[in-house]
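This report refers to the structure that appears directly beneath it.
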Amino acid sequence: MTTTEAAPKPAPVPEGSRTVTLRIQRFNPEVDDAPHFETYDVPALPTDRVLNLLFYVKNYLDGSFAFRRSCAHGVCGSDAMRINGVNRLACKVLMKDMFAANGKQTTLTIEPIKGLPLEKDLYVDMEPFFEAYRAIKPYLMTYRNEPTRERIQSAADRARFDDTTKCILCACCTTSCPVYWNEGSYFGPAAIVNAHRFIFDSRDEGAEERLDILNDVEGVWRCRTTFNCTDACPRGIQVTKAIQEVKRALLFKRT
């Protein structure tokens, strides 16, 4: 008795979809000497996110394709990548905003974020990024005895640093920075944003220590105010503004 394998089912094509060409950077360190691009034609609905199209490639066209993803709701920051040359979260970019006008063919170029060591396809080694984050001591620091009740903070005091509490550590800002690309020892925007969050927290007593860290040659003074970081942030944080406020705090002490 012989058995025959069932023919694979054709990849589904949703009704009302448009064919989009994905030009994806691929790299397998076990077989490739250098990154290269491969193209895939996939169906896309206006309500799809770019992440949906990447799943289509992974599930139906090439199971070896590697990329990071987790929550798919713009909260975890795992799927940061360059989409048509701009750092974005793939789960937040709607295809209706990417379709070419007048029914023309749409092509998306997908690449990994820059400035971090490439490991495979679209994912990079995030350790240098998190090393800089840890270096600025991103936690509440106090030197007095623990209070016997909640540390009270006014709404105005909270508003002082509220914007920088929104960071999800996706690295979009840091890896959009030309200084970071060329001088990898620079702390980078995300680390400075997270330092800002505590430097201006009225309950924190470690501002001077963090400012000393950021006053180093690899700290805030490397910023060239290109606004790439602000443009790239998927959470709308005014990153460049936060960096300038840290610079002023160094010049005039925390206010």
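Where does the Debye-calculated log10 I(q)/I(0) of region 105-255 sit at q = 0.15 Å⁻¹, using only Cα point scatterers of equal weight, no solvent? Ignoring solvent entirely, the Cα scatterers give -0.77.
Using a simple charge model, +1 on the beta-carbon of Lys and Arg, -1 on the beta-carbon of Asp and Glu, nothing else, what dipole does region 148-198 show about its Cα centre, in debye to the nearest 20?
Details: 6 positive and 5 negative charges, 46 e Å.
In total the dipole reaches around 220 debye.
Return the carbon/sulfur percentage of the accessible area of region 1-97, one whole number, probe 1.4 Å, all protein chains in place. After summing per-atom areas, the C and S share lands at 49 percent.
Write down the accessible area per residue of the chain in Å², having rolled a 1.4 Å probe over the full set of protein chains.
On the way: 13940 Å² over 255 residues.
Roughly 55 Å² per residue, with all protein chains present.
Within the shell defined by Cβ-Cβ distances under 9 Å, the residues around residue 203 carry a net charge of -3, with Lys and Arg each +1 and Asp and Glu each -1. In the chain, a dipole from Cβ-located charges (positive for Lys and Arg, negative for Asp and Glu) runs towards its positive end, and of 240, 156, 192 it is 156 whose Cα lies farthest in that direction.
Suppose every Lys and Arg Cβ carries +1 and every Asp and Glu Cβ carries -1, with no other charges. What dipole size does region 1-147 come out with about its Cα centre, to the nearest 20 debye? Present the calculation step by step, with values, prior to reporting the outcome.
Details: 18 positive and 18 negative charges, 135 e Å.
Roughly 640 debye, rounded to the nearest 20.
When the pairs 96/166; 166/253; 137/166; 92/137 are compared against a 21 Å limit on Cα-Cα distance, 96/166; 166/253; 92/137 fall above it. Under 17 Å of direct C-alpha separation, and excluding same-chain neighbours fewer than eight residues apart, residue 58 reaches these lysines: 9, 120.
Each Cα pair under 8 Å and six or more residues apart adds its separation to the average, and for the chain the resulting relative contact order is 17 percent.
Counting Lys and Arg as +1 and Asp and Glu as -1, what is the net charge of the other residues whose Cβ lies under 12 Å from the Cβ of residue 87? Mind dumping the intermediate values first?
Numbers: positive: 82, 88, 92, 114; negative: 79, 111, 231.
With Lys, Arg at +1 and Asp, Glu at -1, the net is +1.
Per-atom-type breakdown for region 118-255 gives carbon and sulfur 49% of the accessible area (1.4 Å probe, protein chains only).
The values are calculated or read from the model by the stated rules, or taken from the named source; none is laboratory data. Because the structure is a prediction, the values reported are computed rather than measured. Every residue, glycine among them, receives a Cβ derived from its backbone with ideal geometry; neighbour counts consider all protein chains shown. We work out accessible area using only protein heavy atoms, side chains counted, and drop any ligands, DNA or RNA first. Shrake-Rupley method; radii C 1.70, N 1.55, O 1.52, S 1.80 Å.
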